[in-house]
1. Looking at (1) modelled with pLDDT of 95 or more; (2) part of a helix (DSSP H, G or I); (3) of a type in the set (Val, Ile, Thr), which is the only condition B:Thr292 fails?
2. Among (1) among the basic types (Lys, Arg); (2) surrounded by 21 or more Cβ atoms within 10 Å (Cβ to Cβ); (3) touching a residue at least 60 places away in the same chain (Cβ under 8 Å), which single condition is B:Lys313 missing?
3. I'm trying to understand the selection: among the residues of the range A:102-147, which are without any contact (Cβ under 8 Å) to a residue 60 or more places away in the chain and of a type outside the set (A, V, I, L, M)?
4. Taking the criterion of being in contact (Cβ under 8 Å) with a residue 60 or more places away in the chain, of a type in the set (A, V, I, L, M), in the same structural domain as B:Val348 (by TED's automatic domain parsing) and part of a helix (DSSP H, G or I), would at least one residue in the range B:90-101 satisfy it?
5. Are any residues in the range B:217-243 touching a Phe, Trp or Tyr at 6+ places or on another chain (Cβ under 6 Å) and not in a helix (DSSP H, G or I), and if so, which ones?
6. Can you tell me which residue among A:Glu80, A:Glu56 is over 23 Å from A:Met218 (Cβ atoms) and among the acidic types (Asp, Glu)?
7. What's the number of the condition B:Ala179 fails, among (1) more than 21 Å from B:Glu248 (Cα to Cα); (2) in contact with a Pro (Cβ under 9 Å, 6 or more places away or on another chain); (3) outside any loop (DSSP other than H, G, I, E, B)?
8. Restricting attention to the range A:124-138, and to residues there that are closer than 16 Å to A:Ala8 by Cβ and in a strand (DSSP E or B), which single residue is nearest to the chain's Cα centre (by Cα)?
Amino acid sequence: MTDLLQHAFNGLVNGSFYALLALGLAVIFGMLGVVNFAHGAFYMLGAFGAFILLNEAGVNFWVALLVVPLALGAVGMALERLLVRRLVALDPLYNFLLTFGLTLILQDLLRMKYGSQPQPYPQPAGLRGTVDLGLFDFPAYQVFVLVFSVLVSVGAWLLLARTRVGMIIRAATERPELTRAMGIDVGRWISPVFGFGIALAALSGVLAAPMRAVSPLMGADLIILVFAVVVIGGLGSIFGSVAAGFLIGMLQALGNVYVPGLATTSVFILMAVVLLWRPAGLFGREETAV
Amino acid sequence: MRRNLIPAISTLAVVSLLAACGGGAGGPSGGGGKISDDKIVLGVINDQTGIYSELSGPNAVKAVQMAVDDFKAKHGDDAVSKNIEVIVADHQNKPEVANTKAQEMYDRQKADAIFDVPTSSAALAVAGQAAAKKKLYFNITAATTALTGDKCNKYTFHYAYDTYMLANGTGTTVTEAGAKNWYIVYPDYAFGQDMEKSFSTAVEQAGGKVVGKKSSEFPNTSGDFSSQLLQAPAAKPDVLGAMHAGGELVNLVKQYNQFNLKDKGIGLSVGLMFITDIHSLGPDALAGTKFTDAWYWNFDQQNREWADKFKEKTGSRPSFAHAGNYSAAMNYLEAVQAAGTDASDDVVKNLEGKEINDFFLRNGKIRAEDHRVIHDVYLAEVKPKSEVKEDYDYEKIVTTIPADKAFKPVSESTCKMG
């Protein structure tokens, strides 16, 4: 039983990354209708941002955790203004291709500079070693990742559910035309929302640096899974993407223990089942489904 | 009269001197007619950008090119052909891509020999093409013993290392040193499965026991090994045997350290380690870990000299795969030189049974029976950071395992040369 709990807990930690990445994707998709393929690349840039700051400027993890998402969020806003916006009116495929191309460019630029061998990033001081969780002990850093991601997810939810800005974003996400008709300037919020989504990707990247390999391909490997998470949660559904993120992290971890051969495949099997049973995703509503 | 004589004589002298040199150039290259397509083509197939691109990758191509340059410089006008080309293909670690690329190289690009090919499943595909096209293949970076076992063929040679040599070196030593109970984690494809089998055998022969084993999918897209690691303590092993390679190994070791398995009494033993992996993790993450190395750049002066030349070309220190690629390319060209032709059968005849000593192959011999290239290998230990004196100075050589003890004996080989 303790074993089962430990594996489930471990799954939640892995799910943290899926949740944060899926949340960013969902927000962007909801507001702009853009499937941001470059999400994985920004996750990778987040990790590299932390790595570069540490090695070039001696900036520690905690500062990077704040600075990198803000900086990349700004880059995201610029990206939306300069490129994404011009293609929104066209077939969604154009933006998909744009962000896909961008991913390849970003990956190759970093590969040229750093090679594809993973770069080392130490665990932040203060979070080395393990903590006793009663039934079992667990690496302190992993526990921090889980707690932090839950806080960020709750924070994002409060922002969207309890503030005026959030209300506008939710309205614009679900009924852009109607919101516009109510006299609200939806366009004003598009760039900040895109930047926010990118910042979330960067944040998960910084969180991943001490735990996973910092390499140009780290995002490309992960993004396909995150797309599956978003689809399972319900495209554009904010709560759905977070819940599905944690759920799938857990499913994968338990799968790894009890049916090792199916661990990753199980995610896609689940996706197929969900699509057959509830085409809008577990938490999506039929009308928001595209 | 006399005044005119001096320039005339000196002109004559210069002309005859030139003629002498020219004669030298024209002479022995007469063997040129025996070189197919009037050129020798060396193909390198490997992972140019993925998880195995640092340990071999683009720098392995540079190493082969270095061998070509050195060969030309050494033989100058006596070289069997001055027209030597190096071509490259990226197989992305996929056997089907490797298969197509090898076919293309042999058929269309006129490759006489293919080198490198990491990823065992891909290497087996290339070996199959070599046998079918009757062209040479020198495997350097793939580890499976099948290349010199069940799947051996007349045109395939296995350089540098294999899973038997790694297990025999590391598995046996670590078990005999007291770590009797092993928990093995391995990637689920040809290489990993072969490693798991070789290590299990070596551990059991040394009086140890494999108390648990877990595979991980390959490639591991989430980069997460925590499930495999969390299951280890329940089996109460003395040591965790990590059979992953390259970027995956780096991830696994990182997580091994985070889960504090060392404090739970579970040591770490790494099946296959390249110096590029130690560089990625930083020596402290691996300090004290013993592993078997096919070659180490800072072992002695001879190795260092080559490593210095390599650094000039690439900016970094060579892994054993880089050195192995150079040595294989050089010895291939020397065999062509000696045979006077690049016709595969003649070159194979020259290579079989040959004893070689160069900076890479110490007490080296190309076994005619199974085409395993044997040589001295080394049991190495990762230095703690405090002992590292320069970049890439990460290894301490504990013992040298002599060539005839390092590899699977011919008597145990399942190879049937057809």
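The values are calculated or read from the model by the stated rules, or taken from the named source; none is laboratory data. Computed from a prediction, not measured in an experiment: that's the story for all the values here. Here the Cβ is made from the backbone with ideal geometry for all residues, glycine too, and neighbour counts use every protein chain on show.
1. (2)
2. Evaluating B:Lys313 over (1) among the basic types (Lys, Arg); (2) surrounded by 21 or more Cβ atoms within 10 Å (Cβ to Cβ); (3) touching a residue at least 60 places away in the same chain (Cβ under 8 Å) leaves (2) as the failure.
3. Matches in the range A:102-147: A:Lys113, A:Gly115, A:Gly126, A:Arg128, A:Gly129, A:Thr130, A:Asp132, A:Gly134, A:Asp137, A:Pro139, A:Phe144.
4. no
5. B:Phe218, B:Ala232, B:Pro237, B:Val239, B:Leu240, B:Gly241, B:Met243
6. Matching residue, one of A:Glu80, A:Glu56: A:Glu80.
7. Failed condition: (3).
8. This residue is A:Phe138.
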